[in-house]
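What follows is one structure encoded as structure tokens, with my remarks underneath.
The values are calculated or read from the model by the stated rules, or taken from the named source; none is laboratory data. Remember, it's a predicted structure, so these values are computed and weren't measured experimentally. So basically every Cβ, Gly included, is an ideal-geometry build from the backbone, and we count neighbours across all protein chains shown. With ligands, DNA and RNA removed, areas are computed over all heavy atoms of the protein, side chains included. Shrake-Rupley method; radii C 1.70, N 1.55, O 1.52, S 1.80 Å.
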Amino acid sequence: MAVKLKQLFGRQSKLTTLQEPTTVVVRPASEEQEDEQLPHKSIQSILSGVDTQSKESTQIPKWPFVSPSVGNHKQSPTCLLKSATKCHLATVRSRRLMKELRDIETQNSSFYSVELINDNLFEWEVKMSVIDSDSEMACDMKKQNISHIILNLKFPENFPFSPPFMCVVSPRIRNGFVLDDGAICMELLTPRGWVSAYTVEALILQFSASLVKGKGRLEEKKTSKPYNRKAAESTFRSLLKVHDKYGWVTPPVSEG
């Protein structure tokens, strides 16, 4: 009986080892040519980022993966935070400047006037028309028949948390804390000296006082040419480096 069972199980094992019929799939010749041109990659090589046949590194896209055909549908938390912060700062800057303009229009000051450059809310032209009448600057303005001093103000993206850049456009001034390129040496215009509560009017008043305190004078009218703002920005950056090193004191002559 045991022999018959062994023979029976032996027959079943032989039956189970029979191979299943294989199916042949016929594909167009074009697909076969494409397969010949493209190197085959194993799953392990794709996951590891290395092609075992070509022996070249395969760059695996890191998150967030953006498919060029689908578009940018995913952003990392860092990108989202930066975008939200930038949008918030832009809103704060716009609201603050609109409020400043409304206040200036309401006051209708005879001391200065403001115009937008090319209708740009973030770049102003300020005409300062009143200087201390007893100052040498006021006498020079009367002699040369100059009614006002033109200033250029440019507000950065993070205004009012950072100061605007302000420089003189015309006329050319010597001394009075005005440098050769029209840059203004004033701590209030630096990140260290700026406070977000300061207004544009306070900035202009401080500059007017600096002109008188520094004994500013007008250059001769024959050589009076408008300043260049790019040159003024470059000079101001150099000025910041000097003052960051020595503080707001008179630096050595060797440092200019």
Selection status of V168, in contact (Cβ under 8 Å) with a residue 24 or more places away in the chain, surrounded by 14 or more Cβ atoms within 10 Å (Cβ to Cβ) and over 19 Å from T190 (Cβ atoms): no
Yes/no for K142 being at pLDDT below 90, charged (D, E, K, R), outside any loop (DSSP other than H, G, I, E, B) and more than 34 Å from the chain's Cα centre (by Cα): no
Test result for E157, in a loop (DSSP other than H, G, I, E, B) and acidic (D, E): yes
Residues satisfying the stated conditions in the stretch 178-196, i.e. surrounded by fewer than 17 Cβ atoms within 10 Å (Cβ to Cβ), more than 16 Å from D244 (Cβ to Cβ) and at pLDDT 90 or above: V195, S196
When residues of the stretch 106-138 are limited to those that are part of a helix (DSSP H, G or I) and in contact with a strand residue (DSSP E or B) (Cβ under 9 Å, 6 or more places away or on another chain), the one surrounded by the most Cβ atoms within 10 Å (Cβ to Cβ): M137
Residue tally, condition open to solvent by 10 Å² or more (accessible area, probe 1.4 Å) and out of contact with any strand residue (DSSP E or B) (no Cβ under 7 Å at 6 or more places or on another chain), over the stretch 147-159: 4
